[in-house]
Every structure is written in C-alpha cells, then in structure tokens.
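The values are calculated or read from the model by the stated rules, or taken from the named source; none is laboratory data. Quantities reported herein were computed from a predicted structural model and do not represent experimental measurements. No Cβ is skipped: glycine too gets one built from the backbone with ideal geometry, and neighbour counts run over all protein chains shown. Keep in mind that these areas ignore ligands, DNA and RNA; they rest on the heavy atoms of the full protein, side chains included. Shrake-Rupley method; radii C 1.70, N 1.55, O 1.52, S 1.80 Å.
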Amino acid sequence: MELLSALSLGELALSFSRVPLFPVFDLSYFIVSILYLKYEPGAVELSRRHPMASWLCAMLHCFGSYILADLLLGEPLIDYFSNNSSILLASAVWYLIFFCPLDLFYKCVCFLPVKLIFVAMKEVVRVRKIAVGIHHAHHHYHHGWFVMIATGWVKGSGVALMSNFEQLLRGVWKPETNEILHMSFPTKASLYGAILFTLQQTRWLPVSKATLIFIFTMFMVSCKVFLTATHSHSTPFDALEGYICPVLFGAACGGDHHHDNHGGSHGGGGPGPQHSAMPAKSKEELSEGSRKKKTKKAD
C-alpha cells in the first residue's frame, strides 16, 4: 500500500511538473506582480505623468528575475524580451490594471478570493523558475554550488532584490528598503529553495526533481496564501531563525536593525545624543549670559 501511494505521488509530481506555465500561470504571475507595483506610493500618479517609466517598472516587476540571472551568468540582459508573447501579455495586464475605465479590472483582481487564486498560481511559477535557474546554472558550472544557489535565488526573488533600481525609475531613493537587509518571505523561501534544489541537482538530496518541485510548491502556496489572507508580515522561518541565529551569530537575525530604530527612545544609543546635547545648551546659555553682562556694562 505504501509503495502504491509512493508511486501515485511520483506520478502526480511528474504530471504536475509538466504542466505548461504559459499563458494561465504566467498571466497570474503578471497580475500579482503589477498589483504590487500599483500598491507602491506614487505609482498611479507616475502612470499618468510618465507612462513609459511606469511600463518599464512593470516589466521589471515581471521579468526582473530573468535580467538578474542573465547578469550573473554573463548572458545578454535583454534576451528574455525577445519573447513577444510574454511581453505583450504583461503589457496588457499593466494597461488594464492602471488604465481600465472605473478601475474595473483592478477591483476584480483585488477581490480577495480571486487574488488568493492568483497568488497561489504565482508561487507555482516561482518554484518552477528556481528549478529551471539552477538547472541552467548547473549546465555552465557543474561544480559551482554557490553559482547555482545564487542563480536560483535571483530567479525566485529577482524583482525584490532589484527593488532599489526599480525605485529609481519611479524617482524614489530609499536605500533603507534594501531587500538584503529586510528579507520578505518570498526572498527567504527562494534562498532556502535554491539550496534544496542545488542539493538535488548535485545528487546530495535523494529525491527526484519533480517530487521536490511538487512538495516545495505546496509549501510555498499554502504559506503565501495564508500570509496574504491574514495580511501577515511574519514568516514561517521566524521561529526557527529565533533559535538558530543566537547560537550561530550571537543575536537574533535583524537585531541590529531594531536596535538602531528604537535605540534613541529606549536606552542603548539614546543617552549618547542626550549627553552630547546638554553641554552644547549650557555653552549657549553661558555665552548668552556673558553678552547680557557686557550689554549692561555698556549701558
């Protein structure tokens, strides 16, 4: 019975890995990616004033992972833009989300039950891109583990990793929003997934690629749908990182960031500025007092 269930799981995973992504899954990927662009402050105003800049930002949201992966592997950065069908489909989605009369298309895809379906389908594309990216990197660097991990990582979260460049196209510069410093769940999951797929590609993980794609996709879909439905910004990795990071690095991950943000009001770095400001005020008062004395003497 166990062998039969294993065989059925393997067949299911194999069939799932052969499902074509274009056009249905790619359409969902474009819709969710450009929705996140419209959520950015000032994105709607930019689309009205500078539609070409808005379109370029939308293309980065849809194809940024391919651009970064080509950059890492030394291939033409504009290579993916030869895929006319995907470019036209993404452009149509951009136009409908930003310029559809009465925002009808935007309101339809933002309806939570519909949006959750698109979010789930986007994660299917993400996992497939990680697997394809690592296979592509392995073709060029058979023993380059770090190259494979890096390529799979940017394939899964490329648009987030180049968010600062995308902000520049919108005339915004916020270096504190660097994705490396504040990793979201998709970025972390893409990194961990890239490690797993690299181990599988190099025969260190005894599982078929189709099975790993199926299992990791189910994990990503369930987590992302839950986080989106509950509007949560936490990740399933927080508890694990809370145990591991103090052991390996002596502090919880992101501890320095919180210390920097709140140090001015809760000890730590707070007393420093206060002590340095006090002597400055006392010197000003002394100089003001001496000037008043001189004025009185002059009178």
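Brief remarks follow.
- Remark: the residue 102-residue 208 segment gains 33.3 nm on full extension, using 0.36 nm per residue and subtracting the alpha carbon distance.
- Treating each Cα of segment 88-212 as one equal point scatterer and applying the Debye formula with no solvent, the log10 of I(q)/I(0) at q = 0.19, 0.23 Å⁻¹ comes out as -1.11, -1.24.
- Residue-wise HN-Hα couplings along segment 61-72, as the Karplus relation 6.51 cos²θ - 1.76 cosθ + 1.60 with θ = phi - 60° gives them from phi, are 5, 8, 10, x, 5, 5, 5, 5, 5, 5, 5, 5 Hz; Gly and Pro carry x.
- Heavy-atom accessible surface of segment 20-245: percent carbon and sulfur, 1.4 Å: 72 percent
- Accessible surface, segment 20-245, averaged per residue in Å² (probe 1.4 Å): 49 Å²
- Globularity index of segment 20-245, i.e. its alpha-carbon radius of gyration over 2.2 N^0.38 Å: 1.01
- Histogram of C-alpha separations across segment 175-251, 5 Å bin width, %: 3, 13, 18, 21, 20, 16, 8, 2, 0
- Segment 31-137: translational diffusion in µm²/s, Stokes-Einstein, Kirkwood Rh over Cα pairs, 20 °C, 1.002 mPa s: 143 µm²/s
- Ordering of 203-212, 20-29 by packing is 20-29, 203-212, highest average first (other Cβ atoms within 10 Å, averaged per residue).
- Rounded to whole numbers, the Karplus 3J(HN,Hα) couplings from phi for segment 27-38 are 4, 4, 4, 5, 4, 5, 4, 6, 4, 5, 5, 5 Hz, using 6.51 cos²θ - 1.76 cosθ + 1.60 with θ = phi - 60°, and x at Gly and Pro.
- Shown is the FRET efficiency for residue 230 and residue 143, computed with R0 = 35 Å from the Cβ-Cβ distance and rounded to the nearest 0.05: 0.25.
- Taken one residue at a time, the phi angles of segment 110-116 give Karplus couplings (6.51, -1.76, 1.60, θ = phi - 60°) of 7, 4, 3, x, 5, 4, 5 Hz. Gly and Pro are set to x.
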